[in-house]
Amino acid sequence: MAECLEDLAVMAAAADYDAVVDIPMEGVKLGVRWRVGAIYSMDFLPDSARDLKPEDAQLAIAVAALQDYFVAGQSPSSLPIHLKGTEFQLRVWQAIQQIPAGAVATYAEIAKHLGSAPRAVGGACRRNPVPIIVPCHRVVASNGIGGFAGAVMGKHIGIKQWLLDHERKVVSN
């Protein structure tokens, strides 16, 4: 019953996306929102979400770059994004963008760099509107993988682990 309700919620929310595309993670699709020439949010969706091809030519190019990341590891860091957040969140997201593919930093390391606390960094990561482009999956706990997209277990942690493994594999080749 809960799975059925989740599917209904995904279908209702799908209308909010400008593109919904397959990615090579089992059971997961990527939903992208686009406004005024920039990506302003992305979400990992269940594979029950209906595919939606981008109508905007610039968005089609951005989606192709995201798909290249999932296949060949091409960094999508140069994609146009619109980040909206607090001054602190923007500082955290900027710091996260400096972590190279295949590497990780801890919440504590970023907090020390910014003169903050690890939980505050985790909160900013949780509110990151454009995962992958601002690679919050590269931020881990001092004693393990940490959370992802507000979750500390379940499907989202599997996504985080897949992203880290994918980047390590691509970097080592």
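The values are calculated or read from the model by the stated rules, or taken from the named source; none is laboratory data. Nothing here was measured: the structure is a model prediction, and the numbers come from that model. Positions of Cβ are generated from backbone atoms using ideal geometry, with glycine treated the same way; all protein chains shown enter the neighbour counts. Only protein heavy atoms, including side chains, enter the accessible area calculation; ligands, DNA and RNA are left aside. Shrake-Rupley method; radii C 1.70, N 1.55, O 1.52, S 1.80 Å.
Between Leu90 and Arg127, the distance separating the two model label sites (each 7 Å from Cα on the Cα→Cβ line) works out to 1.3 nm.
Over all Cα atoms in region 112-173, the spread is summed up by Rg and Dmax: 12.0, 36 Å. Note on Asp43: accessible area approximately 50 square angstrom, rounded to 10, probe 1.4 Å, nucleic acids and ligands left out. Relative to the dominant Cα principal axis of the chain, helix 2-14 is inclined by about 80°.
Taking Cα atoms only, the orientation of helix 155-172 departs from the longest principal axis of the chain by about 70 degrees.
Evaluated over the chain, the count of Lys pairs having alpha-carbon atoms less than 22 Å apart is 6 (only pairs 8 or more residues apart or interchain).
Taking all protein chains as shown and a probe of 1.4 angstrom, Phe148 keeps an accessible surface of around 10 Å².
Shown here are the Rg and Dmax of the Cα trace of the chain, at 15.8, 46 Å.
For the pair Ser48 and Ser77, a Förster radius of 35 Å applied to the C-beta separation gives a FRET efficiency near 0.70, rounded to the nearest 0.05. Tell me, what is the FRET efficiency for Lys169 and Ala108 to the nearest 0.05, using R0 = 22 angstrom and their Cβ-Cβ distance as r? In this case the efficiency is close to 0.25. Counting only alpha carbon atoms, the long axis of helix 57-72 and the longest principal axis of the chain meet at about 60°. Taking only protein heavy atoms and a 1.4 Å probe, the accessible area of region 131-173 is 58% carbon and sulfur. The residues of the chain expose on average 54 square angstrom of accessible surface per residue, using a 1.4 Å probe on protein heavy atoms.
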